[in-house]
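Below you'll find the structure, written out as structure tokens, and then a few comments.
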């Protein structure tokens, strides 16, 4: 992308579409000034007009292709985060773009009084890749948070269905399931929860150990929700032994097991679902939630019910959504699933992920490297005490890379599944210099 194109995009974003207050400055309480084209002006307008819940954004991105994005000043970055594990096909994949454009020209939205061929087909695809037993069902949402909210409501309804009622829900220390009220109640981080207390009651957090699980699981537990790999915690995998114990224990006590695959699902770890590594066939979880990579960059989520105990809980009128399952999102999901399959991206993620992890482990200053496929985290030696990871994120951005810190000493990578070995090597080759710059930044 050239500088002129970036300026044109920036100017359009700053001036606003036709019919808005940017065109008619006397309309309503329109801002008195419009930012100049370019990143600095757009960021100034952002700070003026948008709630600061995401902090201060560092970039205004205007274009993407493959694994690279371009900002409003024309600077290009290798995106090793993929919109936080969302853009699984990279940016502007022709098959994905064509599917959405074709669907937009045909039918973009229908109410939940009706359905569409795309919704029916994607539901069947998801049940197939989840290896669902006969009778599995799908509920579509717009995000992972909404999918987990639906799953938590399902747990609650299950617990209320019999006598005595079960009101306890078990979640794990360091879990992240979303920021809506119900999902937030099952999210570990106190800083996220505290401003919004009291949250829905009944959720208890336990350590991901067999002993803690056995001690907490009782006949009054309605369900357990967990991530097979805790992404926001720093890509921490649960043991297969723990996952099987959770399945066995919930089944013995009549509780439901919900597996949150929002970050791990859709091929990122080399399998359609990370939980299939441990739980399949008779050990399938009751519920699986998906989002992020499912839409390839389009907002979408899904809750899959895989057992009769879960499938029969929610009935007509129990739950709903206006936009969930809309034809555009379904077309995006179908294109994403088809492309992952046709281009062999799960095997590719395993191969490139193994190469990247091995290369990272050889960089001086890098500690433990962990992950599966292209969901990777690496710890920085002495980074926890010095807050080096956020400094590395900033240094990487200045060097033309997008990465993410999950804590003061841990960096996460979740690049598009199309990342090449050469692109992975590009980052690894730059990392020693980026670490030097990060140390200087962290030292003040």
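Kindly list the number of the only condition in (1) surrounded by fewer than 24 Cβ atoms within 10 Å (Cβ to Cβ); (2) in contact (Cβ under 8 Å) with a residue 40 or more places away in the chain; (3) part of a loop (DSSP other than H, G, I, E, B) that fails for residue 276.
Condition (3) is where residue 276 drops out.
Of the conditions (1) assigned to a loop (DSSP other than H, G, I, E, B); (2) in contact with a strand residue (DSSP E or B) (Cβ under 8 Å, 6 or more places away or on another chain); (3) within 21 Å of residue 238 (Cα to Cα), residue 148 clears all except one; give me its number.
The one condition residue 148 does not meet is (1).
Return the residue satisfying two criteria in turn: it lies in the stretch 363-378 and is surrounded by fewer than 21 Cβ atoms within 10 Å (Cβ to Cβ) and touching a residue at least 12 places away in the same chain (Cβ under 8 Å), and of such residues it is nearest to the chain's Cα centre (by Cα).
The first filter runs over the stretch 363-378 and keeps only residues surrounded by fewer than 21 Cβ atoms within 10 Å (Cβ to Cβ), leaving 363-370.
Right, trim to touching a residue at least 12 places away in the same chain (Cβ under 8 Å) and you get 363-367, 369-370.
Numbers: 363: 28, 364: 30, 365: 28, 366: 25, 367: 25, 369: 20, 370: 18 Å.
That would be 370.
Of everything in the stretch 136-150, what is surrounded by fewer than 24 Cβ atoms within 10 Å (Cβ to Cβ) and farther than 22 Å from residue 328 by Cα? Give them in sequence order.
Answer for the stretch 136-150, where residues must be surrounded by fewer than 24 Cβ atoms within 10 Å (Cβ to Cβ) and farther than 22 Å from residue 328 by Cα: just 136.
Can you go through 149, 131 and tell me which one is closer than 25 Å to residue 316 by Cβ and in contact with a helix residue (DSSP H, G or I) (Cβ under 7 Å, 6 or more places away or on another chain)?
Values: 131 fails: closer than 25 Å to residue 316 by Cβ.
Result: 149 is the single residue among 149, 131 that is closer than 25 Å to residue 316 by Cβ and in contact with a helix residue (DSSP H, G or I) (Cβ under 7 Å, 6 or more places away or on another chain).
Table: residues versus (1) more than 19 Å from residue 152 (Cβ to Cβ); (2) touching a strand residue (DSSP E or B) at 6+ places or on another chain (Cβ under 9 Å).
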residue	(1), (2)
231	no, yes
234	yes, yes
239	yes, no
260	no, yes
269	yes, yes
272	yes, no
276	yes, no
290	no, yes
305	no, yes
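Would you please name the residue that is nearest to the chain's Cα centre (by Cα), looking only at residues in the stretch 410-428 that are under 20 Å from residue 440 (Cα atoms) and in contact (Cβ under 8 Å) with a residue 40 or more places away in the chain?
Residue satisfying both the conditions and the ranking: 410.
Taking the stretch 160-198 on its own, how many of its residues are under 20 Å from residue 222 (Cα atoms), part of a loop (DSSP other than H, G, I, E, B) and over 23 Å from the mean Cα position of the chain (by Cα)?
7
Of everything in the stretch 151-176, what is out of contact with any strand residue (DSSP E or B) (no Cβ under 6 Å at 6 or more places or on another chain), under 24 Å from residue 208 (Cβ atoms) and either modelled with pLDDT under 95 or buried (at least 24 other Cβ atoms within 10 Å of the Cβ) (or both)? Give them in sequence order.
Selection gives 152, 154, 176.
I'd like to know if the stretch 115-124 contains one or more residues that are touching a residue at least 40 places away in the same chain (Cβ under 8 Å) and exposed (fewer than 13 other Cβ atoms within 10 Å of the Cβ).
No: the stretch 115-124 contains no residue that is touching a residue at least 40 places away in the same chain (Cβ under 8 Å) and exposed (fewer than 13 other Cβ atoms within 10 Å of the Cβ).
Could you tell me how many of the residues in the stretch 281-312 are farther than 22 Å from residue 67 by Cβ, assigned to a loop (DSSP other than H, G, I, E, B) and either within 14 Å of the chain's Cα centre (by Cα) or modelled with pLDDT under 95 (or both)? Lay out the reasoning, then the answer.
First, the residues of the stretch 281-312 that are farther than 22 Å from residue 67 by Cβ: 281-290, 301-312.
Checking the rest, the ones that are also assigned to a loop (DSSP other than H, G, I, E, B) come to 284-286, 306-307, 312.
From what is left, the residues that are either within 14 Å of the chain's Cα centre (by Cα) or modelled with pLDDT under 95 (or both) are 312.
Selection size over the stretch 281-312: 1.
In the stretch 216-226, is there at least one residue being in a loop (DSSP other than H, G, I, E, B) and buried (at least 24 other Cβ atoms within 10 Å of the Cβ)? Let's see the steps before the verdict.
As a first pass, look at the stretch 216-226 and keep what is in a loop (DSSP other than H, G, I, E, B): 217-220.
From the residues that got through so far, the ones that are buried (at least 24 other Cβ atoms within 10 Å of the Cβ) too are none.
No, there is no match, as no residue in the stretch 216-226 is in a loop (DSSP other than H, G, I, E, B) and buried (at least 24 other Cβ atoms within 10 Å of the Cβ).
Checking the condition in contact with a strand residue (DSSP E or B) (Cβ under 9 Å, 6 or more places away or on another chain) and without any contact (Cβ under 8 Å) to a residue 40 or more places away in the chain, which residue from 329, 316, 358 passes?
The conditions single out 358.
Take residue 439 and decide whether it is closer than 29 Å to residue 336 by Cα, touching a residue at least 40 places away in the same chain (Cβ under 8 Å) and crowded, with 16+ Cβ neighbours inside 10 Å.
On the way: closer than 29 Å to residue 336 by Cα: no; touching a residue at least 40 places away in the same chain (Cβ under 8 Å): yes; crowded, with 16+ Cβ neighbours inside 10 Å: yes.
The answer is no for residue 439.
The values are calculated or read from the model by the stated rules, or taken from the named source; none is laboratory data. Just so you know, these numbers come straight off a predicted model, no measurement behind them. A quick note on method: Cβ atoms are made from the backbone with ideal geometry, for glycine too, and the neighbour counts reach across all protein chains shown.
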